[in-house]
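Report on the structure given below.
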There are 2 protein chains.
Amino acid sequence: MNALGKHLLLELKDCDKEVLNDIGFLKSALLAAASECGATVLGESFHQFSPQGISGVVVIAESHLFIHTWPEYGYVAADIFTCGNSVQPGKAAQTLIRKLGAKSHSVVEIQRGILDT
Amino acid sequence: MNALGKHLLLELKDCDKEVLNDIGFLKSALLAAASECGATVLGESFHQFSPQGISGVVVIAESHLFIHTWPEYGYVAADIFTCGNSVQPGKAAQTLIRKLGAKSHSVVEIQRGILDT
């Protein structure tokens, strides 16, 4: 079964609450995850919410990585969407799990773009 | 069951191939989808690939909207991730389906951040 894209949905729980509200740390972590999986970074956009929480995206030539953090719950939703065989999204997932100090996590992999042809 | 986020995964097939490589049209469509669902736009980033295909994100105060297009297949992967009850992601989905001329589509809704507490 051939799919155009591979989409990992990460649920990261019991993370290090301090870093979930540190925009510099999160930017560095997401860029490190992109680098670990062999992706080419094209752009990034991060936003700090009040009183807490950060959303961040790194656009890569092979699609994107996204995080949304809820420091008050120690929870992070992260997505890693990649196309092609030159990148290894599982490595990006492992990098995020480790850097965010998630004591509990789940990863769901979804195939995107399964075409009839 | 309370979840922090609602995540719609759209598979859009048999779309209007012309518009899938038109960065101006896609930016306008994604911003219209964000507006339709009542979201507050914080930023955007779009990239045109060679020889074809576009990736675009609109970051909203309530999370994000993303598209990746494959004009050669008439296929688009789109994500609508929202938090809170002030937005209606289903309206954004309907806007994208209509504007991209998808003759066939599926929408999967995933609850993100279902916490124990």
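The values are calculated or read from the model by the stated rules, or taken from the named source; none is laboratory data. Predicted model, so just to flag it, every value in this text is computed and none were measured. Glycine gets a Cβ as well: all are built from the backbone with ideal geometry, and neighbour counts include every protein chain shown. These area figures cover heavy atoms from the full protein model, side chains too; ligands, DNA and RNA do not enter into them. Shrake-Rupley method; radii C 1.70, N 1.55, O 1.52, S 1.80 Å.
Taking A:G24 as the residue in question, decide whether it is surrounded by fewer than 17 Cβ atoms within 10 Å (Cβ to Cβ), modelled with pLDDT of 95 or more and over 12 Å from the mean Cα position of the chain (by Cα). Against the criterion (surrounded by fewer than 17 Cβ atoms within 10 Å (Cβ to Cβ), modelled with pLDDT of 95 or more and over 12 Å from the mean Cα position of the chain (by Cα)), A:G24 qualifies. Filtered by the rule that a residue be away from every other protein chain (no Cβ under 14 Å) and surrounded by fewer than 15 Cβ atoms within 10 Å (Cβ to Cβ), region A:97-117 gives a lone residue, A:R98.
Can A:L9 be described as within 13 Å of the chain's Cα centre (by Cα) and either more than 10 Å from chain B (Cβ to nearest Cβ) or of a type in the set (F, W, Y) (or both)? No; evaluated as a whole, the condition is false for this residue.
Every test in (1) under 25 Å from B:S45 (Cβ atoms); (2) crowded, with 16+ Cβ neighbours inside 10 Å; (3) touching a strand residue (DSSP E or B) at 6+ places or on another chain (Cβ under 8 Å) is passed by A:V41 save one, and that test is (2). Of the residues making up region B:86-96, not a single one is open to solvent by 60 Å² or more (accessible area, probe 1.4 Å), touching a His at 6+ places or on another chain (Cβ under 9 Å) and not β-branched (V, I, T).
Taken as a whole, the structure places B:A33 among residues that are away from chain A (no Cβ under 13 Å) and either crowded, with 22+ Cβ neighbours inside 10 Å or under 16 Å from B:I97 (Cβ atoms) (or both).
The conditions of being open to solvent by 60 Å² or more (accessible area, probe 1.4 Å) and of a type in the set (K, R) are not met by A:K13.
Restricting attention to region B:65-85, the residues that are aromatic (F, W, Y) and either modelled with pLDDT under 95 or open to solvent by 10 Å² or more (accessible area, probe 1.4 Å) (or both) add up to 2. Take A:D14 and decide whether it is away from chain B (no Cβ under 14 Å), of a type in the set (D, E, K, R) and more than 19 Å from A:V87 (Cα to Cα). Taking the combined requirement at face value, the residue does not satisfy it.
Total residues in region A:45-58 satisfying the condition of being more than 8 Å from chain B (Cβ to nearest Cβ) and open to solvent by 10 Å² or more (accessible area, probe 1.4 Å): the figure is 5. Looking only at residues in region B:1-26 that are in a strand (DSSP E or B) and in contact with a Pro (Cβ under 8 Å, 6 or more places away or on another chain), which one is farthest from B:V76 (Cα to Cα)? Restricting to residues being in a strand (DSSP E or B) and in contact with a Pro (Cβ under 8 Å, 6 or more places away or on another chain), the top hit is B:K6. Cβ-Cβ contacts under 8 Å between residues 6 or more apart (or on different chains), taken from a first residue in region A:59-84 that is at the interface with chain B (Cβ under 9 Å from one of its Cβ atoms) and assigned to a strand (DSSP E or B) to a second residue that is open to solvent by less than 10 Å² (accessible area, probe 1.4 Å) and of a type in the set (D, E), are listed as A:H64/A:D79; A:F66/A:D79; A:D79/B:D79; A:F81/B:D79. Just one of the listed residues (A:L65, A:L42) is of a type in the set (A, V, I, L, M, F, W, C) and closer than 23 Å to B:C83 by Cα, namely A:L65.
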